[in-house]
Ligand SMILES: Nc1ncnc2c1ncn2[C@@H]1O[C@H](COP(=O)(O)OP(=O)(O)OP(=O)(O)O)[C@@H](O)[C@H]1O
């Protein structure tokens with residue numbers, strides 16, 4: 001089994017007169033708007049969607065998204081090119097086989113829910129199973145389970161019209177899940193919902209996806225939605241895919257001016273993660289180092305505190321300049337007694353939106369750790385603000401809660417302690 005659930009190669013969909021001739025002309029370089037009598041809705045689309053991935057197709061109205069999705073599920077034949085679903089070619093299959101592939105492999109969720117008004121919620125969800133001839137008791141049991149999954153089990157026996165828009169769309173999703181196909185095609189599935197409900201639905205979809213691991217092709221004209229949901233995003237313009245990439249790729253490295261203009265309005269705080277903006281940690285002291293080394297590091301970094309890292313750069317704690325000074329005064333050679341717990345650290349995958357509170361509460365540039373607890377980066381507050389992109393004007397680091405001890409004072413103390421022959425417990429490891 002391959003890891004590719006769905007793939008398109010050189011796909012064209014042209015409506016109107018002489019579609020194959022139009023494809024030939026497009027290939028020869030004729031602009032799309034000079035194809036008299038023919039509309040090229042999808043032009044030379046090639047991509048693959050991996051199993052378990054949310055692949056978003058994003059573009060303005062008329063860019064060809066709906067046509068692409070209808071071609072992918074065989075509702076309308078491609079003009080040229082191929083579509084492969086789990087290794088089987090859809091393009092070129094008989095109409096009967098296309099219907100079978102669709103039934104077994106692909107479910108759709110539509111913008112306007114497309115529920116059956118005279119059936120109860122549970123019967124709507126059970127409908128795809130009914131089409132497959134699953135006995136009533138069995139399909140109702142399965143539908144009930146899925147309704148519980150989307151939090152609608154209490155509403156099983158009412159007609160869809162008794163539900164709010166968001167709840168109706170959850171029924172639509174439940175129906176698609178009941179079909180138990182690997183691939184879900186979602187066409188502007190949340191676009192008809194109020195913004196707050198829409199946000200909730202996006203979050204719920206991601207939650208469901210964590211456990212279900214479906215292959216989802218999600219169509220939207222909303223870039224924020226695309227960025228929030230997509231593992232990868234294909235940006236369409238005038239029938240062509242102009243860029244395919246992760247949300248971070250598209251935000252930080254737009255392929256052309258068109259994509260760049262699009263991403264200007266993106267809510268970066270929901271897209272970029274700590275790993276996208278973190279810097280190399282500078283203020284670190286090895287766990288085995290002594291208070292004098294720690295003090296020098298803090299003095300050189302004009303900081304009142306530093307991170308302490310152990311073997312493999314594991315984040316161990318934090319030391320403060322005042323505590324280190326006390327140790328030096330008392331002739332102590334090990335840092336161990338003054339290492340405090342790190343008040344705030346974040347993970348590489350946390351989105352910027354979740355970093356603000358920790359950043360405000362952190363006495364040092366925010367520590368970023370990987371899943372093994374290693375210190376892999378830090379985020380100064382100014383970097384966090386700058387990362388929010390156009391319009392942010394912050395130019396200086398905010399003041400630390402506790403200002404560092406004056407360097408002159410530290411210099412004096414270090415000189416005095418050297419004069420009496422004090423030394424740190426161990427040579428500090430090289431910490432980069
Ligand atoms: N059945 C059809 N016959 C002729 N032209 C069509 C047909 N369906 C779509 N088109 C044209 O193909 C182009 C792409 O339309 P499509 O609906 O795929 O875009 P879209 O990105 O989904 O836009 P929207 O979000 O408005 O639906 C448009 O120019 C549209 O007019």
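Bear in mind these aren't lab numbers, they're just calculated from the coordinates by the rules spelled out. Only a predicted model underlies this, so the values are computations on that prediction, with no experimental measurement involved. Using ideal geometry, Cβ is built from the backbone for each residue, glycine included, and neighbour counts are taken over all protein chains shown.
For a paramagnetic label modelled at 7 Å from the Cα of residue 116 toward its Cβ, which residues of region 68-103 fall within the zone defined by backbone nitrogen distances under 17 Å?
Inside the label zone: 103.
Only Cα pairs under 8 Å and at least 6 apart count here; give the relative contact order of the chain as a rounded whole percent.
Working: 815 pairs, mean separation 61.7, N = 432.
Result for the chain is 14 percent.
Would you list 357, 121, 259, 49 from fewest to most Cβ contacts within 10 Å? Kindly include the intermediate steps, with their values, before the conclusion.
Details: 357 10, 121 27, 259 20, 49 23.
By the 10 Å Cβ count, ascending: 357, 259, 49, 121.
So what is the relative contact order for region 22-99, in percent, with contacts set as C-alpha pairs under 8 Å and at least six apart?
On the way: 41 pairs, mean separation 14.8, N = 78.
Normalised by residue count, the contact order of region 22-99 is 19 percent.
Can you give the relative contact order of region 231-316 as a percent, counting alpha carbon pairs under 8 Å and 6+ residues apart? It would help to have the intermediate numbers written out before the result.
Values: 79 pairs, mean separation 14.7, N = 86.
About 17 percent, as a whole number.
Most mobile of 307, 12, 258 per a Gaussian network model of the chain (Cα springs, under 10 Å)?
258
What is the Cα radius of gyration of the chain over 2.2 N^0.38 Å, N being its residue count?
Cα Rg divided by the expected 2.2 N^0.38 Å: 1.31.
So if each residue of separation counts as 0.36 nm, and I subtract the Cα-Cα distance between residue 371 and residue 386, what length gain in nm does that give?
2.8 nm
With angles folded into 0 to 90 degrees, how steeply does helix 165-178 sit against the dominant principal axis of the chain? Use alpha carbons for both and round to 10.
It works out to around 80 degrees.
What FRET efficiency comes out for the pair residue 415/residue 267, r = Cβ-Cβ distance, R0 = 56 Å, nearest 0.05?
With a Förster radius of 56 Å, E is 0.60.
Roughly what angle does helix 195-212 make with the longest principal axis of the chain, taking Cα atoms, 0 to 90 degrees, to the nearest 10?
90 degrees
With everything on Cα atoms, drop me the angle between helix 121-131 and the longest principal axis of the chain, reported from 0 to 90° to the nearest 10.
Taking the Cα atoms of the chain, the angle to 121-131 is about 60 degrees.
Among 108, 236, 353, whose mean-square fluctuation peaks in a Gaussian network model of the chain (Cα, cutoff 10 Å)?
The residue that fluctuates most here is 353.
Calculate the length of the line joining the C-alpha centroid of region 252-331 to that of region 114-191, in whole Å.
Their Cα centres are 49 Å away from one another.
Please check: in the Gaussian network model of the chain (C-alpha springs, under 10 Å), which one of 64, 87, 337 has the largest mean-square fluctuation.
337
How far apart, in nm, are the 7 Å Cα→Cβ label points at residue 200 and residue 248?
3.2 nm
Kindly list the residues of region 231-267 that lie in the label zone of residue 191, defined by a backbone N under 16 Å from the point 7 Å along the Cα-to-C-beta vector.
234-240
Please order 330, 347, 362 by the number of other Cβ within 10 Å, starting at the fewest.
330, 347, 362
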